[in-house]
Each structure stands twice: as structure tokens, then as C-alpha cells.
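Asker: First the structure, which I've put down as C-alpha cells, then a few questions once you've had a look.
Throughout, read-outs are computed from the coordinates displayed, never taken from laboratory work. Since the structure is predicted, the reported quantities are computational estimates derived from the model, not experimental observations. Every residue, glycine among them, receives a Cβ derived from its backbone with ideal geometry; neighbour counts consider all protein chains shown.
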Amino acid sequence: MVELGIVDIREIIRLVNANFGFDLSNFALTSLKYRLEHIISKNSLTSPENLFRKLTSEQAFFDTFLSQLFVPSSEMFRDPSVWRWLREEYFATLADNALMNYKIWVPFCISGGELCTLCIVLKELRLLDKVKIYATYFSDSSLEQIKSGVYPLKKVQVSAENYRRFKGDANFEEYYTMDQYNAKRVLDLFDSVEFIKDDLSFGKAPKNVKLVLMRNSLIYFKPNFQDDILNVIYQSMSAAGILLLGLQELITKNQNTKSLFDPQEISESIYKRRIG
Amino acid sequence: MNYKAVIIGGSAGSFQIVTRILNSLNPNFPLPVLLCLHRLKHVRSGFVEALSLKSNIPISEPYDKDQLKPGNAYLAPANYHMFVELANRIALSTDEPVNHSRPSIDLSFVTAANAYRDKLIGIILSGANRDGAFGLKKVVDNGGLSIVQDPQESEVKTMPTSALQLTKVDYVYTTDQIIRFLQKL
């Protein structure tokens, strides 16, 4: 396993910025180092210099690089109680007219795990065709992967266990077929989804969003940039919109962003956008 | 001594030993204590509460980018990897399991070794898998101090034995010796 030094990482940040205008400097360093080492190993590059060369000489490689840089969602229905909250405490209590022009945003659609979970929850509530979902992605190859619906078997097995704890209406096998190595999504869940290709400035962020799913994405960035992202989210949301973060992402003690959101269900890391 | 942190790895079976260690530390223990213990991924609560009952120092499951403070213990939260980030902060990750584990002891140890270099004390307790062996090697490679719980004393020996096979460690200690060592810091 190739280990990258700080000088190597700085060089990669510089190259990616110079050649592709993509800013990696806002990533938290430890996980960035780990992901870059993962990219080197996954592409059998054997040295940092080989990665520098590939980034400089192969334009097409950058899309693959981005798809491997972001951490994929770990499993579907991760933290089943969060999804139960969404189903029972949130969607079930919305009045019919609240669903008029109802927009949901997934700002980091990396491997589609959270998106699929959301779609399944909505489908079982018969709400999937009544909402509009925006999913922001960063590389074409990850979008292909998301659309193909093929996942490693292990991940989908874990997801199926989560789904049982969520107490969904169906068997998880109705959504995914599993063979020896892989699982494949059976149903087309994405009719209400608009995929938006963007970068980390989120220039194409949707507006008037009522629900944002951004669980375990902030953790990969430096604190200042976490604030920037939360500001983007705030701007995109309508008043009293709901924001779901990862369970260990706490924003209430952050001086810069705590005025943007109020805790709604703090044990599940669910926040409500402030009015104004 | 000039250490900046202690990191301890083990499986859920090391619960008793970790409880004894936390119960024996001076309330003014001079270093942050990082705990990476294998645990059930879908059981969120109970573990840190149980450990805190007898702990002499405050123990918590850190939030992402929390600052590490001396005299505090940090337990890797369920289903997250726990990294040490620059500027003495925790960074959490939901990256793929390593050695079938999330949290992975290797990842916590490797990132702590990178952050603290020769100012780190790494301790591997008993456990059922080889996770932690590579991490402890990184602690040693960076000049840190390494301790492995005596396999004779461990109920489940795979973890300490794997660590001893991979690295020449500084001390092989019983729980009592580990406690005396930490009390002298």
C-alpha cells in the first residue's frame, strides 16, 4: 500500500485545481489522504508520481478519480430510527396541501444509497410520484453506477437487515435481487428524481427545498467549509424546511451556523431551518 | 515524558479491562485517551454510558471535528471510523469497513500515529480479529510507544498475538501493569 506524504497531497490538490478547476483543499486531510491512497491502489498506480502523471496526461481519468474520491454511502436504511422518524413523525403528519410543489434535495449523491432509501420510504407511503427530488452528483461514472443499481452483495445484505429494523411494508428482496456476488435494484425508483451535475460550489443548487438529506457528508470536509456548505443548504431551503445530518454531525455548538438551524429531533440529528 | 495521547484498541470483550483502566486513571490524567473498540454497528447507545459509570475521567462518543482534550476519553462511535485529524481534532468517516470492522482499530491507530508520531502510546488489548496489528506497527514505525496485553491473560488472543507477530513491541503487560504504567504518566 502506497503511503502519501503531505507534499504528495499538496501536489495532487495543486494539479487537480490547475487542470480541472476542482478544489480539493477543503477536504479534511486525514480522510482525503486515505481516499487518495485508495485511488492509487484501486488503479494499480504503485506510486504518487504515477497518479500525478495520470491526472496530467489523461483528461478522461479525472471523472473516475472523482467517482473514487467521494466516500460512497455506507448502506441503505443506515440508522433505521431516522427513517422511521421521517415516515411516522414527518411525512405522515404533512397535510395534503403541504405536498404541493414539494421539493427534496440530496446534495451529495455519491453511490445512491440515501437516495434509494428515500425513494423506498416515499414509495411505501405512496408519495413518490407526488414529490420532486433533486440529486446532486459530481462525476458521470458515479451517476452511471447509481442508475445501474448494482451494489456489492455485502452492502445490500446489511441494508436488508436495516430495512427489517425499519419495519418496511415489503420484503427487501422486492427491491433488490441478489446473486452470489452482487445485488441489483429491480424497480425503477427514480421517475421523480432529477440528477444535477455540479461541483462543490453548488452553483446549481435547487431553490425552495423543503427537505434536505445530507447524512455523513459534512464529515469529509474542514470545519470552515462545513460552514460554507451549511450556508448553501440554508439558502436553498424554504423556511421551516427539514435537514437530516449524520448522527455524529452536530451543528448546534458551531458559532457560525447555529443561527441557521434549530434542533428538531436532536437524537436523530434532525434540524429545522430557521425562518427569515 | 512528553506524550500527547494514548490510544487503546480491543474488541467488545475488552469491556471489563477498559472499565478497570478508566476506573484507575487519575482524574487529572494528562493526556486524551482514544478508545477504538469493536462493537455492534446497529446498537447506538449503552456502551459509552456503561463505560462512564466507573470512569474517573469524562468519556464521550465524539462528534466530527471535536477537539481532543487532556483528561478526556473518546470512544469511537458505532458504525463510524474514528480518525485523528490535524490540529488535535477527531474526524469521523463512514468509509468501507477495514478487517470487517467499522470502527477499525487499524485506521484509528494509523491516523493517530501520523498525527502524534513519537508522542503516542498505543495499547492493544484482547480481541478476536487481527485488526489493530498493522496500526500498532505504524505507532512503532513512527517512534511511538507500544504495549500489548499479555496473551496469557487475554481471553481472546488473536488480536494481541497478531500484533506481537507483526511488530517488536516495547512492552507485553498484564492489565495491572498497564494500569500502573498509565498511573505514572
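Asker: In a Gaussian network model over chain A where Cα atoms closer than 10 Å are linked, find which of A:ASP188, A:ASP140, A:ASP79 has the largest mean-square fluctuation.
Answerer: A:ASP188
Asker: A further question on this structure: For the protein assembly as shown, what number results from the quotient of the Cα radius of gyration and 2.2 N^0.38 Å?
Answerer: Expressed relative to 2.2 N^0.38 Å, the Cα Rg reads 1.00.
Asker: Still on this structure, I have one more. Quote the charge dipole size of the protein assembly as shown about the Cα centre in Debye, to the nearest 20; the model charges only the Cβ of Lys and Arg (+1) and of Asp and Glu (-1).
Answerer: My answer is approximately 700 debye.
Asker: Calculated FRET efficiency, B:LEU185 and B:GLN152, Cβ-Cβ r, R0 25 Å, to nearest 0.05?
Answerer: The computed FRET efficiency comes out at 0.50.
Asker: Okay, next question. Can you work out the Karplus-derived ³J(HN,Hα) for every residue in segment A:129-136? Use 6.51 cos²θ - 1.76 cosθ + 1.60 with θ = phi - 60°, whole Hz, and x for glycine or proline.
Answerer: After applying 6.51 cos²θ - 1.76 cosθ + 1.60, I find 7, 9, 10, 10, 10, 9, 10, 8 Hz.
Asker: Take peptide B:79-88, look around each residue's Cβ out to 10 angstrom, count Cβ atoms belonging to other protein chains, and average those counts.
Answerer: 4
Asker: Report Rg (one decimal) and Dmax (nearest whole number) for segment A:80-273, counting Cα atoms only, units Å.
Answerer: Looking at segment A:80-273, its Cα Rg and Dmax stand at 16.4, 50 Å.
Asker: Amide H to amide H under 5 Å from A:PHE108: which residues, 5+ apart in sequence or cross-chain, H placed 1.01 Å off N in plane?
Answerer: So A:PHE108 has HN proximity to A:THR136.
Asker: Have a look at B:VAL18, B:VAL140, B:VAL98 and tell me which one the Gaussian network model of chain B (Cα, springs below 10 Å) gives the largest fluctuation.
Answerer: B:VAL98
Asker: Tell me, what HN-Hα J-couplings in whole Hz come from the Karplus equation 6.51 cos²θ - 1.76 cosθ + 1.60 at θ = phi - 60° for each residue of segment B:126-138, using x for Gly and Pro?
Answerer: 6, x, 9, 9, 7, 3, x, 5, 5, x, 5, 4, 5
Asker: Per residue, what volume in Å³ does the Cα convex hull of segment A:68-138 take up?
Answerer: Cα convex hull per residue, to the nearest whole number: 81 Å³.
Asker: Return a whole-number percent for the relative contact order of chain A, with Cα pairs under 8 Å and 6 or more residues apart as the contact set.
Answerer: Rounded, it is 17 percent for chain A.
Asker: Quick one: net charge of A:ALA60's neighbours, Cβ under 12 Å, K/R +1, D/E -1?
Answerer: Taking every Cβ under 12 Å from that of A:ALA60, the sum is -2.
Asker: What Kirkwood Rh does segment A:218-271 have if only Cα atoms enter the pairwise 1/r average? Answer in Å.
Answerer: About 11.3 Å for segment A:218-271.
Asker: To continue, here is another question. What list of ³J(HN,Hα) couplings, whole Hz, do you get for segment A:182-198 from phi and the Karplus terms 6.51, -1.76, 1.60, once you set θ to phi - 60° and write x for glycine and proline?
Answerer: Listing the rounded values in order: 10, 10, 10, 5, 8, 8, 7, 9, 9, 4, 8, 9, 10, 8, 10, 7, 8 Hz.
Asker: If you take the Cα Rg of chain B and divide it by 2.2 N^0.38 Å, with N the number of residues, what do you get?
Answerer: 0.90
Asker: Sticking with this one: At a 10 angstrom cut-off on C-beta neighbours, averaged per residue, how do the peptides B:28-34, A:106-112, A:229-235 rank from highest to lowest?
Answerer: The densest-packed peptide leads the list: A:106-112, B:28-34, A:229-235.
Asker: Ok, one more. Based on the inverse mean of 1/r over its pairs of different Cα atoms, what is the Kirkwood hydrodynamic radius of segment A:6-69, in Å?
Answerer: 11.6 Å
Asker: Please list, ordered by chain and number, the residues whose modelled amide H lies under 5 Å from the amide H of A:PHE261; skip anything fewer than 5 residues away on the same chain.
Answerer: Residues meeting the criterion, in which the H sits 1.01 Å from N, are A:ARG274.
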